[in-house]
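**Student:** Please read through the structure below; I'll follow up with questions.
The values are calculated or read from the model by the stated rules, or taken from the named source; none is laboratory data. All values derive from a computational prediction rather than experimental measurement. Here Cβ is always computed from backbone atoms with ideal geometry, including for glycine, and neighbour counts include all displayed protein chains.
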Protein chains: 2
Amino acid sequence: MQKLFLGIDLGATTVKTGCVSSEGKILSETKVSTEAHLGPNAVVQQIIKTVDSMFEQYGKDSFEAIGIGAPGIVNNGIVKAPPNISSWDEVNLQNEIHQITGIKVIVENDANCAALAEAKFGAGVHYKNFLFVIWGTGVGGGIILDRKIYHGPNGGAGEIGHTTIDFNGPECNCGNRGCIEAYIGQRYLSQRTKELLQKSNVQSKIIELIEGDFNKIEPHVISLAAEQGDTIAIEILSEAGTLLGYALSNVSNILDLETVIIGGGISAAPQFVYDAITTSLQSRVLKPHRPNIQVLRAKLGNSAGIIGAASLVI
Amino acid sequence: MQKLFLGIDLGATTVKTGCVSSEGKILSETKVSTEAHLGPNAVVQQIIKTVDSMFEQYGKDSFEAIGIGAPGIVNNGIVKAPPNISSWDEVNLQNEIHQITGIKVIVENDANCAALAEAKFGAGVHYKNFLFVIWGTGVGGGIILDRKIYHGPNGGAGEIGHTTIDFNGPECNCGNRGCIEAYIGQRYLSQRTKELLQKSNVQSKIIELIEGDFNKIEPHVISLAAEQGDTIAIEILSEAGTLLGYALSNVSNILDLETVIIGGGISAAPQFVYDAITTSLQSRVLKPHRPNIQVLRAKLGNSAGIIGAASLVI
């Protein structure tokens with residue numbers, strides 16, 4: 001009988017659960033609302049709903065183990081204060097799900113799961129060590145050392161989004177100044193695009209795509225316009241790539257890492273953005289690293305959550 | 001018979017070799033000129049001179065193993081392009097010294113050795129994970145994870161001195177901009193002090209201590225003046241501590257480290273400098289880290305080189 005694994009991607013709005021093969025293929029998936037506003041017990045019940053539906057479909061005995069990717073800091077199976085889930089201080093999700101299902105459970109931070117998914121089944125299979133960056137609403141990350149997640153003494157490692165590239169820079173929602181997230185997170189990119197459009201006399205493809213409604217400016221719109229040669233869109237994304245390169249050079253100089261894999265919503269950006277990141281990173285790292293620097297696009301896309309969670313136990 | 005270890009601190013000007021006990025005590029030490037201008041073969045001969053003298057003193061059979069701390073990047077016993085040693089591209093120092101002595105040899109970067117010395121016998125004995133910073137002529141570092149050196153895939157980890165705190169900041173001798181070393185390395189501190197003294201109308205203790213010769217401004221002079229309440233000296237060192245805190249917050253957010261140990265020449269600075277570092281670091285790290293941040297003074301001082309090298313094999 002084929003060994004099967006459950007990968008559970010716990011998000012603030014949706015719980016996505018997949019039945020995953022030992023080769024990292026999703027055989028089927030299901031999802032339910034997280035019901036985050038009802039607090040931890042309700043969230044656990046929602047997770048169990050998806051688990052039960054998979055047990056019914058494949059038979060409980062088919063499953064070796066359950067992996068769960070959760071937002072926030074995760075340490076020894078305990079999920080601490082995940083953003084956007086009500087009344088959740090510290091919950092030992094690993095124990096709770098294990099006690100209900102009777103099956104082995106491992107819980108890890110979701111960004112770390114996505115990094116591990118790329119290490120085992122994605123763009124990172126040939127690299128023992130790399131930094132994985134999630135570039136989307138915010139900027140997150142996961143560090144893979146010797147093919148394993150480096151999750152830090154307290155489970156808080158990889159917060160590249162909140163490293164500063166200018167100690168006098170713009171205020172970030174974390175309270176720090178000049179965090180890379182405060183330059184290239186989705187909200188900043190949209191705001192910066194709006195500003196450039198408002199003061200520019202150049203016709204922009206972006207205006208067409210958003211039908212004149214500045215609230216509709218999103219990274220995929222900027223990407224689309226850039227692909228069509230729009231100069232403002234190209235300027236915004238090149239600048240963002242250059243700034244990200246500065247933040248990455250700090251990581252490289254601290255950890256001696258030369259490979260970076262970029263995932264998350266904005267990672268679908270055109271190749272010139274990757275070129276901008278690479279050029280900036282190469283110009284800023286210490287000389288011995290320069291010839292070996294590479295910045296790769298993640299391969300697993302939207303499946304990274306489920307596959308990443310399953311990767312914890314495969 | 002007591003087990004003995006040789007710790008060799010290879011510097012650009014001096015080779016210092018100590019006979020070290022398994023408790024990390026230096027029983028005796030010897031030193032010779034490195035003869036760096038004569039190239040690698042001469043340097044190896046100088047190292048062997050110190051080893052032979054220790055063998056004569058204690059008997060070769062007393063020694064278990066030899067540890068060597070070397071400047072530059074060290075990977076698998078190979079020392080790459082150490083600064084200020086002529087015609088040294090890549091030398092497998094581990095093999096060379098092993099073949100001559102017949103004893104087990106381990107070679108590691110000198111900053112990493114000093115970090116390990118603090119972990120085993122100094123300020124870090126109670127901490128499994130910490131960042132060690134050498135603050136002197138430049139700013140270097142070593143990362144201790146789970147009581148071991150994290151030396152990185154290529155032996156280049158811990159280069160905190162060349163992480164940027166402002167991508168538009170002053171040029172650093174590494175080619176990057178805004179590196180913390182370009183703000184608080186010895187040369188910068190001396191230069192900044194000179195500037196403040198020249199434009200200030202306040203009487204400064206520093207002027208007395210340097211007998212009016214601005215070339216005599218060195219960190220220990222600034223420290224001494226600060227201890228005597230000199231406002232300019234206090235301003236310089238507080239500012240430097242605050243800036244160092246910014247760089248440390250990046251490391252903490254990436255690696256989830258909450259303990260920092262500061263060694264090197266400038267670490268002898270008064271307590272208020274440590275307070276400035278701590279305040280700045282605490283204000284900049286992500287909230288979960290804040291209550292646990294601590295910045296400690298290294299304990300081993302000038303002995304860190306020899307003890308650190310010996311720590312590799314103890």
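**Student:** Take the residues in region A:77-116 that are touching a residue at least 40 places away in the same chain (Cβ under 8 Å) and among the acidic types (Asp, Glu), then tell me which one is farthest from B:LYS287 (Cα to Cα).
**Tutor:** Among those that are touching a residue at least 40 places away in the same chain (Cβ under 8 Å) and among the acidic types (Asp, Glu), it is A:GLU96.
**Student:** Continuing with this model, one more query. Against the definition (without any contact (Cβ under 8 Å) to a residue 40 or more places away in the chain and buried (at least 24 other Cβ atoms within 10 Å of the Cβ)), how does B:ILE160 come out, yes or no?
**Tutor:** Taking the combined requirement at face value, the residue does not satisfy it.
**Student:** Then there is this: Among the residues of region A:92-148, write down those that are outside any helix (DSSP H, G or I), among the hydrophobic types (A, V, I, L, M, F, W, C), away from every other protein chain (no Cβ under 12 Å) and over 11 Å from the mean Cα position of the chain (by Cα).
**Tutor:** Correct list: A:ILE103, A:VAL105, A:ILE106, A:VAL107, A:ALA123, A:VAL125.
**Student:** Do the conditions hold for B:GLY152, that is, is it outside any loop (DSSP other than H, G, I, E, B) and either surrounded by 23 or more Cβ atoms within 10 Å (Cβ to Cβ) or not β-branched (Val, Ile, Thr) (or both)?
**Tutor:** Criteria not met by B:GLY152.
**Student:** Within region A:290-303, which residues are surrounded by 22 or more Cβ atoms within 10 Å (Cβ to Cβ) and within 13 Å of chain B (Cβ to nearest Cβ)?
**Tutor:** Residue satisfying the conditions is A:ILE293 alone.
**Student:** Could you say which residue among A:LYS60, A:LYS25, A:LYS49 is within 24 Å of A:GLY142 (Cβ to Cβ) and not aromatic (Phe, Trp, Tyr)?
**Tutor:** A:LYS25
**Student:** State the number of residues belonging to region A:280-289 that are touching a strand residue (DSSP E or B) at 6+ places or on another chain (Cβ under 8 Å), at the interface with chain B (Cβ under 8 Å from one of its Cβ atoms) and either buried (at least 20 other Cβ atoms within 10 Å of the Cβ) or among the basic types (Lys, Arg) (or both).
**Tutor:** Of the residues in region A:280-289, 1 are touching a strand residue (DSSP E or B) at 6+ places or on another chain (Cβ under 8 Å), at the interface with chain B (Cβ under 8 Å from one of its Cβ atoms) and either buried (at least 20 other Cβ atoms within 10 Å of the Cβ) or among the basic types (Lys, Arg) (or both).
**Student:** Consider B:VAL273 against the criteria (1) away from every other protein chain (no Cβ under 14 Å); (2) under 16 Å from the mean Cα position of the chain (by Cα): it satisfies all of them except one. Which criterion is unmet?
**Tutor:** Condition (2) is where B:VAL273 drops out.
**Student:** Taking the criterion of being farther than 26 Å from B:SER238 by Cβ, within 11 Å of chain A (Cβ to nearest Cβ) and surrounded by fewer than 23 Cβ atoms within 10 Å (Cβ to Cβ), would at least one residue in region B:164-180 satisfy it?
**Tutor:** Yes, region B:164-180 contains a residue that is farther than 26 Å from B:SER238 by Cβ, within 11 Å of chain A (Cβ to nearest Cβ) and surrounded by fewer than 23 Cβ atoms within 10 Å (Cβ to Cβ).
**Student:** To continue, here is another question. Testing B:GLY158 on (1) within 11 Å of chain A (Cβ to nearest Cβ); (2) part of a loop (DSSP other than H, G, I, E, B); (3) more than 13 Å from B:ALA247 (Cα to Cα), one condition comes back false. Which one is that?
**Tutor:** Against the list (1) within 11 Å of chain A (Cβ to nearest Cβ); (2) part of a loop (DSSP other than H, G, I, E, B); (3) more than 13 Å from B:ALA247 (Cα to Cα), B:GLY158 comes up short only on (3).
For every residue, the table says whether it meets (1) assigned to a helix (DSSP H, G or I); (2) crowded, with 18+ Cβ neighbours inside 10 Å.
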{"residue": "B:GLN198", "(1), (2)": "yes, no"}
{"residue": "B:GLU208", "(1), (2)": "yes, no"}
{"residue": "B:ALA226", "(1), (2)": "yes, yes"}
{"residue": "B:ALA233", "(1), (2)": "yes, yes"}
{"residue": "B:THR242", "(1), (2)": "yes, yes"}
{"residue": "B:GLY245", "(1), (2)": "yes, yes"}
{"residue": "B:SER249", "(1), (2)": "yes, yes"}
{"residue": "B:ILE261", "(1), (2)": "no, yes"}
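**Student:** What number of residues within region A:263-314 are assigned to a helix (DSSP H, G or I), of a type in the set (Val, Ile, Thr) and at pLDDT 95 or above?
**Tutor:** Final tally of qualifying residues: 6.
**Student:** Please find, among A:LEU255, A:LEU224, the residue that is touching a Gly at 6+ places or on another chain (Cβ under 7 Å) and in the same structural domain as A:ILE149 (by TED's automatic domain parsing).
**Tutor:** A:LEU255
**Student:** I've got another one for you. Looking at (1) in a helix (DSSP H, G or I); (2) without any contact (Cβ under 8 Å) to a residue 12 or more places away in the chain; (3) more than 14 Å from chain B (Cβ to nearest Cβ), find the lone condition where A:ILE254 falls short.
**Tutor:** Exception for A:ILE254: condition (3).
**Student:** Test A:SER238 against the criterion of being touching a Gly at 6+ places or on another chain (Cβ under 9 Å), more than 9 Å from chain B (Cβ to nearest Cβ), surrounded by 18 or more Cβ atoms within 10 Å (Cβ to Cβ) and closer than 17 Å to A:GLN186 by Cα, and give yes or no.
**Tutor:** No.
**Student:** Where in region A:28-90 are the strands (runs of 3 or more DSSP E), entirely inside, with at least 2 residues that are out of contact with any Phe, Trp or Tyr (no Cβ under 8 Å at 6 or more places or on another chain) and surrounded by fewer than 19 Cβ atoms within 10 Å (Cβ to Cβ)?
**Tutor:** Counting at least 2 such residues, we get A:78-80.
**Student:** Could you tell me whether any residue of region A:128-149 is in contact with a Ser or Thr (Cβ under 7 Å, 6 or more places away or on another chain), under 18 Å from A:VAL295 (Cα atoms) and surrounded by 24 or more Cβ atoms within 10 Å (Cβ to Cβ)?
**Tutor:** yes
**Student:** Looking at A:ILE306, is it more than 14 Å from chain B (Cβ to nearest Cβ), within 13 Å of the chain's Cα centre (by Cα) and either of a type in the set (Val, Ile, Thr) or farther than 30 Å from A:VAL32 by Cα (or both)?
**Tutor:** The answer is yes for A:ILE306.
**Student:** Considering region B:160-177 alone, what residues qualify as being among the acidic types (Asp, Glu) and either at pLDDT below 95 or in contact with a His (Cβ under 6 Å, 6 or more places away or on another chain) (or both)?
**Tutor:** Matches in region B:160-177: B:GLU171 only.
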